[in-house]
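Q: Take this structure, written in structure tokens, and hold onto it; I'll ask about it next.
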Amino acid sequence: MVDVSTRTLRRWTAKATDELLDETDEPGWEYVGFHDLRRTWATSLRSEDVDAMVVCDWGGWDDLQTFLDHYRGTHTPEAQRREREKVEWL
């Protein structure tokens with residue numbers, strides 16, 4: 001999705017969190033890393049009902065089961081309602 005190296009993404013993340021720490025003086029920014037943003041990105045996509053296989057492909061995960069174990073999460077009430085509407089007898 002983004003044509004840069006993982007190293008570049010990590011550098012961008014560090015720069016952004018350093019700037020946010022300076023601006024907000026909130027020490028929690030020291031603990032935000034590339035993996036946190038990747039996890040949030042994947043969770044957000046799944047919450048919007050993007051197919052797990054597509055998220056795995058976009059995010060570079062090789063193993064669907066491991067991805068699902070970590071990112072399946074719980075679905076919002078809206079997502080559950082959309083799924084129920086797909087089946088007439090629910």
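Q: For the chain, which trypsin sites (Lys or Arg not before Pro) are in a loop by DSSP, counting at most 14 other Cβ atoms within 10 Å?
A: Here the sparse-neighbourhood loop sites are Arg72, Lys86.
Q: Only four residue types carry charge here, +1 at the Cβ of Lys and Arg and -1 at the Cβ of Asp and Glu. Report the dipole size of the chain about the Cα centre in Debye, rounded to the nearest 20.
A: Details: 12 positive and 20 negative charges, 57 e Å.
Roughly 280 debye, rounded to the nearest 20.
Q: Find the eigenvalues of the gyration tensor of the Cα atoms of the chain, then list the square roots of 5 times those eigenvalues as equivalent ellipsoid semi-axes, largest first, in whole angstrom. Write down the numbers at each step before the final one.
A: On the way: eigenvalues 197, 60, 21 Å².
Listed largest to smallest, the semi-axes of the chain are 31, 17, 10 Å.
Q: Now, a different point. Return the sequence-ordered ³J(HN,Hα) values of segment 9-21 in whole Hz as given by the Karplus equation 6.51 cos²θ - 1.76 cosθ + 1.60 applied to θ = phi - 60°, using x for Gly and Pro.
A: Those phi angles translate into 4, 5, 5, 4, 4, 4, 4, 5, 5, 4, 5, 5, 4 Hz.
Q: Within a Cβ distance under 12 Å of Tyr71, other residues only, what is the Lys/Arg minus Asp/Glu net charge?
A: Residues near Tyr71 contribute +2 overall.
Q: Pairs of Cα atoms under 8 Å, at least six residues apart: use those to get the relative contact order of the chain, whole percent.
A: 20 percent
Q: Which loop GluC sites (Glu not before Pro) in segment 17-90, with loop taken from DSSP, have no more than 16 other Cβ atoms within 10 angstrom of their Cβ? Provide the component values of the computation, followed by the final result.
A: Values: sites: Glu19, Glu23, Glu30, Glu48, Glu78, Glu83, Glu85, Glu88; in loops: Glu48, Glu88.
Within segment 17-90, the qualifying GluC sites (Glu not before Pro) (loop, at most 16 other Cβ atoms within 10 Å) are Glu48, Glu88.
Rule-based calculations on the coordinates, nothing more; no lab input. As the structure is a prediction and not an experimental result, all values here were calculated from the model. Positions of Cβ are generated from backbone atoms using ideal geometry, with glycine treated the same way; all protein chains shown enter the neighbour counts.
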